[in-house]
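The structure appears below as structure tokens.
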Amino acid sequence: MSTATPPVSSKLFGLFCLASYLLSLSYGSTFLLSLLIGSRGGNEHDAGSVISAAMLSTFAAVIASGHLSDLLGAARSVALFGLLLVVASLGFALTPGLGHLLLFFGLLLGLGWGVFYTLGPIIVASLVTPVQRAKYFALLSGSMMTGIGSGPLLGRVASALGFPVTAAFYLAALASLIGVLLLWQLDRHLKNASLESTAVSRISWRATAQVLSSRAVFPIIMVGLGGCVFGGLSSFQTSYAAARSLDYSLFFLGFMGAAISSRMLIAGFVVKRDPLRASCLLSGLMLGSILLFGLVVDDGLSYVVAAAMLGVGYGLTYSVINGLVANEAPTGTTAQSLLLFSLSYFIGVFGFPLLAGKIIVEQGMANLLLTVIAIALLNWLITLGRLIWRHVCSTQAMQRV
């Protein structure tokens, strides 16, 4: 039998990706919170506070997800906590005005999204062989990115049809509910297709120390920095577009279109390349896209081009470093490394919007873009530094021979 034969059926994995897409719509709709809260008299700082409330609950989600997986099974754990995504989306739509209730629904969002985002890659890691992980991680993250990008587009469609922005949150809640039901049904099939037990999903201080003292710490740091870039730009894209008299849907169309097409057309090629070189090139592309947002974008075409560059750079970088963290983790700590990878991502994507909203309100959008550029530059320098260090070590090894 060919080693290229996938150990999991295309139909099963396709249904899993469909469920992932549907659940991701609920998180994608949160990029409309700035618009929703603005319509109720709030500002970007208020929106950032709601989004960042999710960061607190994701810590609990990441720590508990391994125990939940051992107790209930990974897919059913995601399904149960996916119900919180449904409740959060409905809560954002139904809560009048501002106030602490929105923060509560932000916490629910963090719990639901945290369990899903953490256990999703662990499910994939158990279904495929190590050499296939980067490819299947790319397919999973592509499904999630598509759902995330589709969330804000629901708001644009609702607006075009004369409905309020809350309609997008209602639709996201319905989609997430369908995803929950689908995952619940898939649980037994995913367990049967698993190549390895997920009973080592629990995180511990010993495993954490092992992972963070290994080379896996670099992709873990990078995903957190990338999360800051993505969270900062996406959460306040409605404000950025309004300041430049642009249509925010162009950003999400460009981003999502590029993320999907790059995974369909070139992800298979990219994941077979040297991961350090690939991540360096792609994180450089992401940096270039943010420079465009800050210095070049002034019409619809340049807006779409910058968003598409971000979609390719950020989307494929994530896929590469997701596979890298799994394969660079010490033996027996793959699940724990993926948990820490998710935790770092959440710190960036949920934590940074609080600072980003404050920067916009007090210093303006231009200063936020400068901050995001600095973060993206640091992200790129990590990969460049690793490449240079590897080259130096390789040269020294050859000289000793």
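The values are calculated or read from the model by the stated rules, or taken from the named source; none is laboratory data. Everything numeric in this text was worked out from a predicted model, so none of it was measured. Please note: Cβ atoms are built from the backbone with ideal geometry, for glycine as well, and neighbour counts cover all protein chains shown.
Key figures
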| read-out | value |
| --- | --- |
| Subset of the stretch 293-317 (residues that are in a helix (DSSP H, G or I), over 22 Å from the mean Cα position of the chain (by Cα) and without any contact (Cβ under 8 Å) to a residue 40 or more places away in the chain) | Leu295, Leu301, Ser302 |
| Those residues of the stretch 253-304 which are farther than 19 Å from Gly28 by Cβ and charged (D, E, K, R), in sequence order | Lys272, Arg273, Asp274, Arg277, Asp298, Asp299 |
| Residue among Leu355, Leu343, Leu377, Leu339 that is of a type in the set (A, V, I, L, M, F, W, C) and modelled with pLDDT of 95 or more | Leu377 |
| Considering residues of the stretch 338-371 that are among the small types (Gly, Ala, Ser) and under 19 Å from the mean Cα position of the chain (by Cα) only, the residue farthest from Phe218 (Cα to Cα) | Ala356 |
| Test: Thr5 is among the polar types (S, T, N, Q), at pLDDT below 90 and within 22 Å of Asn322 (Cα to Cα) | yes |
| Residue in the stretch 318-336 that is surrounded by the most Cβ atoms within 10 Å (Cβ to Cβ), counting only those that are under 16 Å from the mean Cα position of the chain (by Cα) and of a type in the set (Ser, Thr, Tyr) | Ser319 |
| Residues of the stretch 36-57 satisfying the condition of being buried (at least 21 other Cβ atoms within 10 Å of the Cβ) and either modelled with pLDDT of 90 or more or among the aliphatic types (A, V, I, L, M) (or both) | Leu36, Ile37, Ala47, Val50, Ile51, Ala53, Ala54, Met55 |
| Qualifying positions in the stretch 58-84 - small (Gly, Ala, Ser) and crowded, with 23+ Cβ neighbours inside 10 Å | Ala61, Ser65, Gly66, Ser69, Ala74, Ala75, Ser77, Ala79, Gly82 |
| The listed residue being at pLDDT below 90, of a type in the set (S, T, N, Q) and farther than 22 Å from Asp70 by Cα, out of Ser194, Ser159, Ser201 | Ser159 |
| Residue match in the stretch 265-283 (condition: under 25 Å from Gly300 (Cα atoms) and either modelled with pLDDT of 90 or more or under 17 Å from the mean Cα position of the chain (by Cα) (or both)) | yes |
| Filtered residue count, the stretch 105-117, keeping only those that are free of Cβ contacts under 8 Å to residues at least 60 places away in the same chain and under 16 Å from Ala173 (Cβ atoms) | 4 |
| Failed condition for Asn367, given (1) surrounded by fewer than 24 Cβ atoms within 10 Å (Cβ to Cβ); (2) under 20 Å from Ala47 (Cβ atoms); (3) touching a residue at least 60 places away in the same chain (Cβ under 8 Å) | (3) |
| Counted residues, the stretch 55-110 - those being on the phi > 0 side of the Ramachandran plot and touching a helix residue (DSSP H, G or I) at 6+ places or on another chain (Cβ under 9 Å) | 1 |
| Single unsatisfied condition, Thr118 versus (1) under 24 Å from Ala53 (Cα atoms); (2) surrounded by 22 or more Cβ atoms within 10 Å (Cβ to Cβ); (3) at pLDDT 85 or above | (3) |
| Matching residues, the stretch 341-390, being of a type in the set (Ser, Thr, Tyr) and either touching a Ser or Thr at 6+ places or on another chain (Cβ under 6 Å) or on the phi > 0 side of the Ramachandran plot (or both) | Ser342, Thr383 |
| Boolean, Ser214 is modelled with pLDDT under 95, buried (at least 16 other Cβ atoms within 10 Å of the Cβ), more than 21 Å from Glu328 (Cβ to Cβ) and not basic (Lys, Arg) | no |
| Whichever residue in the stretch 85-94 is of a type in the set (A, V, I, L, M, F, W, C) and surrounded by fewer than 22 Cβ atoms within 10 Å (Cβ to Cβ) and, among such residues, is farthest from Ser344 (Cα to Cα) | Leu94 |
| Given (1) charged (D, E, K, R); (2) more than 17 Å from Asn327 (Cα to Cα); (3) surrounded by fewer than 19 Cβ atoms within 10 Å (Cβ to Cβ), index of the condition Arg263 fails | (3) |
